[in-house]
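Take a look at the structure set out below.
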Amino acid sequence: MKGFETYQEKKIQSMQGGGTARMEAQHRKGKLSARERLDVLLDPGSFEEMGGLVTHRCRDFGLENEVYLGDGVVTGLGTVNGQRIAVFSQDFTVLGGSLSETHAEKIIKLMDLALRIGVPVVGLNDSGGARIQEGVTSLAGYADIFYRNVKASGLVPQLSVIMGPCAGGAVYSPAITDWIFMVEQTSYMFVTGPNVVKTVTHEEVSSEELGGATTHATRSGIAHFTYPNEVECLQAVRRLLSYLPPNCAVRPLRGSGWPQPTASDRRPALDRIVPESSNSPYDMQEVISALVDEGSWMEVQPEYGGNILVGFARMGDQTIGVVANQPMILAGVLDNNASRKAARFVRFCDAFQIPLLVLVDVPGFLPGTEQEWNGIITNGAKLLYAFSEATVPRVSLITRKAYGGAYDVMNSKHIGADINLAWPSAEIAVMGPKGAAEIIFKSEIASSKNPEETLNQKVNEYTEKFANPYIAASRGFVDDVILPSESRMRILGAFGALQTKAHQPLPKKHGNIPL
Ligand code: HXC
């Protein structure tokens, strides 16, 4: 065949990355190569490469002699669970996976194609940052990518998987994308590395401590998912994609849509989950597990802002997003971290037509100077804004406390929830009975012969009157009070009814979310 030899030579060359020695060094660090990662991520044989023959144009600092086919990033289309995605995988063995003008052009071309055909973009990041020899052209390349990340936001899901260095301005592409995955010990993200930190602030800190997976999973909240190795991480990417639609115009409906609930959806164990004492904790994870399809709960940011739980699950085989207060941690209070965490999750679900189930057991917002000085006013408002703007089907279930402003914020009827249910154990009030009695009966308690007894009596009075779901139900703020064991049936029924929900946005450019 004419031209076959050159064809074969080029194809082999483009598979070799930066050569055997660098590939071995990559493996010694416990890292896979760019192509090996694609093998784990994609359905077998589904990868269609684009740009494997691209080379850089730099003729400075000796780079004219270091030309590698593909220029340090493997790009193309493939499928995950049969669903098409666009994917780029940076190759650290080629000039440290650094981003040149042409490397950037390949990613940009891929993103533009992903937007035209409406498929998720997955980026596997392993790069020393801007290609130093190229100067401003590589900076331009980053900005071109950031710009497209913003344009693509809300149109197609964007996933960033950090599998090596990701430093300097390079972090801002993952930061704009929807989901960040990290691998423990071998990946890190920071704006300035340990050396610069030492010079500027005199702090001594390792890369891992400054911006490793654990740091971002527990302290900054920047990493949504972390895993001990690359294979588990890539398998989790496959799992997350299984919940998501390819783009914002497609509903994530599977099969013939929401099923009719049956008697098999009864969950008697839920009748025993809320303790007698209103101040005793119980594990909201157990409630979620009982409500959703078995094994379908994929928690997001499990190690950050644990007083609120967010994540994806399936009910009747359909994707839902779950937001739930966790009484086991800080009594399920809303604080800065929990508010921001939940708000961003709600925004994602709303952008991609994923119905929201909200489980409420919230004693209010966390008091204190730390919270106030770090902006609980604006951060709480983010969650309020996110729920209020969400037009996807929204179902709330109040399991116990729904106090004060947090009652309003947690997907109440007043801010547009579609179906609001409550268990008989629900307490819907301005504040907890003790705090309420201490304020409204202050002088009566103080002047009484036995203040403690009077307080208890007033607490009981307040509890009887307000710490139940019936006043809210009588006003229609709660649509029904249901037995816990019936919850799965009722929620399935609610989402089934809401699957035809239409939304008509107001004619405005956009609101001004309290960012
Ligand atoms: C060109 C680079 C490179 C870069 C690494 N290499 N980073 N080449 N541009 N940015 C090359 C190395 O020369 C080396 O080539 C190979 O990649 C592997 O690098 P090593 O240093 O041997 O690897 P390792 O010890 O694992 O260290 C990895 C590293 C280190 C920590 C990433 O390479 C490093 O600090 N690189 C520079 C990081 C940096 O300052 N980047 C610019 C940031 S500013 P050979 O031929 O030996 O294999 C930035 C701005 C973005 O990114 C702004 C956007 C707005």
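FYI, it's all coordinate maths here, none of it is from the lab. As the structure is a computational prediction, the values presented were derived from the model and not from experiment. Note: ideal-geometry Cβ built from the backbone for every residue, glycine included; neighbour counts use all protein chains shown.
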Exercise. Relative to the present Cα-Cα distance, how much length would full extension add between residue 55 and residue 235 at 0.36 nm per residue of separation?
Worked result: 61.7 nm
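Quick one: length gained pulling residue 414 to residue 439 fully straight, 0.36 nm per residue minus the C-alpha distance?
Working: separation 25, 0.36 × 25 = 9.00 nm, distance 2.63 nm.
The residue 414-residue 439 span can extend by a further 6.4 nm.
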Exercise. Using θ = phi - 60° and the Karplus form 6.51 cos²θ - 1.76 cosθ + 1.60, what ³J(HN,Hα) does each residue of the stretch 269-278 get, whole Hz, x for Gly and Pro?
Worked result: 4, 5, 5, 10, 8, 7, x, 4, 7, 5
Problem set entry | Residues in the stretch 311-338 reached by a label modelled at residue 294 [backbone nitrogen below 18 Å; 7 Å Cα→Cβ] | 313-318
Problem set entry | Assigned charges on the beta-carbon of Lys, Arg, Asp, Glu; the stretch 35-123 dipole about Cα centre (debye) | 260
Exercise. Under a point-charge model restricted to the Cβ atoms of Lys and Arg (+1) and Asp and Glu (-1), what is the dipole moment magnitude of the chain relative to its Cα centre, in debye to the nearest 20?
Worked result: 1180
Exercise. So what J values fall out for the stretch 115-126 if you push phi through Karplus, 6.51 cos²θ - 1.76 cosθ + 1.60 with θ = phi - 60°, rounded to Hz, Gly and Pro as x?
Worked result: 5, 5, 9, x, 10, x, 10, 10, x, 9, 9, 7
Exercise. Measuring from a point 7 Å past the Cα of residue 460 along Cα-to-C-beta, which residues in the stretch 384-411 have an amide N at less than 15 Å?
Worked result: none
Problem set entry | Prolate/oblate/rounded label for the stretch 272-326 (Cα gyration tensor, a/c 1.5) | oblate
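Over 17 Å, how big is the tail of the calculated P(r) for the stretch 60-116, in percent of all Cα pairs?
43
Regarding the stretch 407-515, what is the average projected area of its C-alpha convex hull, in nm²?
10.7
Can you give me the Rg/Rh ratio for the stretch 164-213, using Cα atoms for both radii and the Kirkwood formula for Rh? Show your work: numbers first, answer last.
Details: Rg = 11.2 Å, Rh = 11.3 Å.
My calculation of the ratio gives 0.99.
How much net charge surrounds residue 361 when only other residues with a Cβ under 12 Å from its Cβ are counted (Lys, Arg +1; Asp, Glu -1)?
Working: positive: 400, 401; negative: 283, 427.
Local net charge: 0.
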Exercise. In the chain, with Lys and Arg counted as +1 and Asp and Glu as -1 at Cβ, which of these residues, 123, 282, 30, has the Cα nearest the positive end of the dipole, that is, farthest along it?
Worked result: 123
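So what is the relative contact order of the chain, in percent, for Cα pairs below 8 Å that sit 6 or more residues apart?
Numbers: 1031 pairs, mean separation 48.9, N = 515.
Relative contact order comes out at 9 percent.
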Exercise. What size of dipole, in debye to the nearest 20, comes out for the stretch 329-396 about its Cα centre when the only charges are +1 on Lys and Arg C-beta atoms and -1 on Asp and Glu C-beta atoms?
Worked result: 240
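Please compute the contact order of the stretch 249-340 in relative form: average sequence separation of alpha-carbon pairs under 8 Å and at least six residues apart, divided by the residue count, as a percent.
Numbers: 116 pairs, mean separation 23.9, N = 92.
Rounded, it is 26 percent for the stretch 249-340.
Based on the Cβ-Cβ distance of residue 151 and residue 515, what FRET efficiency does E = 1/(1 + (r/R0)^6) give at R0 = 25 Å, to the nearest 0.05? Working shown, then result.
Working: r = 18 Å, r/R0 = 0.73.
It comes out at approximately 0.85.
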Problem set entry | Difference of contour (0.36 nm per residue) and Cα-Cα distance, residue 24 to residue 108 | 27.3 nm
Exercise. Scattering from the C-alpha atoms of the stretch 90-197 alone, worked out with Debye: what is log10 I(q)/I(0) at q = 0.17 1/Å?
Worked result: -0.76
Exercise. What is the Cα convex hull volume of the chain when expressed per residue in Å³?
Worked result: 184
Seminar exercise, completed: Stokes-Einstein D for the stretch 7-130 (25 °C, 0.890 mPa s, Kirkwood Rh from Cα pairs), in µm²/s, comes to 167
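Determine the percent antiparallel among the DSSP beta bridges restricted to the chain, to the nearest 5. Mind showing how you got there, number by number?
Working: 23 of 63 bridges.
In the chain, approximately 35 percent of DSSP beta bridges are antiparallel ones.
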Problem set entry | Amide H partners (placed H, <5 Å) of residue 98, local residues excluded | 128
Seminar exercise, completed: residue 369 and residue 10 label points (each 7 Å along its Cα→Cβ direction) are spaced in nm at 6.8
Problem set entry | Phi to ³J(HN,Hα) by Karplus 6.51 cos²θ - 1.76 cosθ + 1.60 over the stretch 149-165, Hz, x for Gly, Pro | 4, 5, 4, 7, 4, x, 8, 10, x, 10, 10, 10, 10, 9, 10, x, x
For this session: Using only alpha carbon pairs under 8 Å that are at least six residues apart, calculate the relative contact order of the stretch 196-267 and give it in whole percent.
Result: 11
